[in-house]
Each structure stands twice: as structure tokens, then as C-alpha cells.
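The values are calculated or read from the model by the stated rules, or taken from the named source; none is laboratory data. Just so you know, these numbers come straight off a predicted model, no measurement behind them. So basically every Cβ, Gly included, is an ideal-geometry build from the backbone, and we count neighbours across all protein chains shown. Note: areas computed on protein heavy atoms with side chains; ligands, DNA, RNA excluded. Shrake-Rupley method; radii C 1.70, N 1.55, O 1.52, S 1.80 Å.
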Amino acid sequence: MSRHHYGALASVIVGWIVCRVVAVPLVRLAGDIGGHTRGGDVAVGVVVAAVPFAVLVVYSLIRLTNRSGLLRLPSVRGLLWFGWFAAGGVMGLLPYSEMGAELSLRTREAHAAPGFLHGMDMTILAGLFLVVALLLIALRARPDHTTGPVAWLEHQVEDEAEA
């Protein structure tokens, strides 16, 4: 793990803590932005939950196209930090959603921002398919390292034959 990974993990943890602490005001704010209507609040939930997946796509494209130098730019680092922070925030709000176990925010959400958490839930389900697709693309783009383990195995067989 590199220092970059520690920063990503730290921003996810900070996002999770912040959203767990201020979950109720955040849902009220989402209701204000969405107009306290089901359609508007679902749209706000979709946008909020789509941020981490969009940043994951950007990061994956940078890594898969071998443009790792872009990761040193402050604007790209800020975008990535914001995306990982938003991922932690979505995880912080998720236990309150329809798929989660906590009902206190869910009952408040029904009046303050109807559909906000439902929009997040559906985006996360769709995002899971995106993550699997990115994983498959990354695995296919991986260079062929078949000689490394084969040479190691041949060396092990030779050592056992000598013993």
C-alpha cells in the first residue's frame, strides 16, 4: 500500500463519520434541494450516490491508460479525495436506507425527503454492476505474468528433486 491508499482510506473513514453524525440534517438538506417531492428527492439521492462511482471510473481510466502522472496533479487528487469522502458519506447514510436496519432516519426521511434514500439504494445496486464491469476490464488489461510463477514452481520442483 502506498501513501495514496492511506489518504483514500482516511477520506472514506472521515466521510463515514461525518455522515453518521449529521445524517438527519443531511437528509433534511436533501429534501430542501429536491423540493420535498418524491421525484426530486430520488434525483438528489441518485446524484449523491453516483459521485463515488463516477470518481471510481475516472481513477480506473487513469490507471488503465497508464497515465499515473495525472494522479500527482492537485486537482485530480482533490477530485479523488472528494470522491472517496462521498463514498464514506454514502456508506454512512446507507444503514438508514430501506435496505438498512435503522428506522429512526427512515421514518423522518419519509416526510423530509421522500425517495432520497431509495434513489441512493438503486444507484448503489446499479453501481455494483459498474464495479464488476471495471474489475473484468482491469483483469483483461492486466499484463501476462505467466513466467513469474512458472519459474518459481520449476525452482521448487528442482529443490525437491535434489532433496
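Before we move on, is THR37 out of contact with any helix residue (DSSP H, G or I) (no Cβ under 8 Å at 6 or more places or on another chain), at pLDDT below 90, within 29 Å of GLY7 (Cβ to Cβ) and polar (S, T, N, Q)?
So THR37 does not fit the description; no.
Considering only the stretch 36-55, state which residues are farther than 12 Å from MET120 by Cβ and open to solvent by 40 Å² or more (accessible area, probe 1.4 Å). It would help to see each step written out before you state the result.
At the first step, the residues of the stretch 36-55 found to be farther than 12 Å from MET120 by Cβ are 36-40, 54-55.
Within the stretch 36-55, HIS36, THR37, ARG38, GLY39, ALA54 meet the criteria.
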Subset of the stretch 19-35 (residues that are more than 11 Å from ALA112 (Cβ to Cβ), open to solvent by less than 60 Å² (accessible area, probe 1.4 Å) and assigned to a helix (DSSP H, G or I)): CYS19, ALA23
Count of residues meeting criterion [crowded, with 18+ Cβ neighbours inside 10 Å, among the small types (Gly, Ala, Ser) and closer than 19 Å to VAL51 by Cβ] in the stretch 110-126: 3
Pairs where the first residue, in the stretch 54-67, is basic (Lys, Arg) and the second is open to solvent by less than 60 Å² (accessible area, probe 1.4 Å) and at pLDDT below 90, C-beta under 8 Å, 6+ apart: ARG63/ALA138
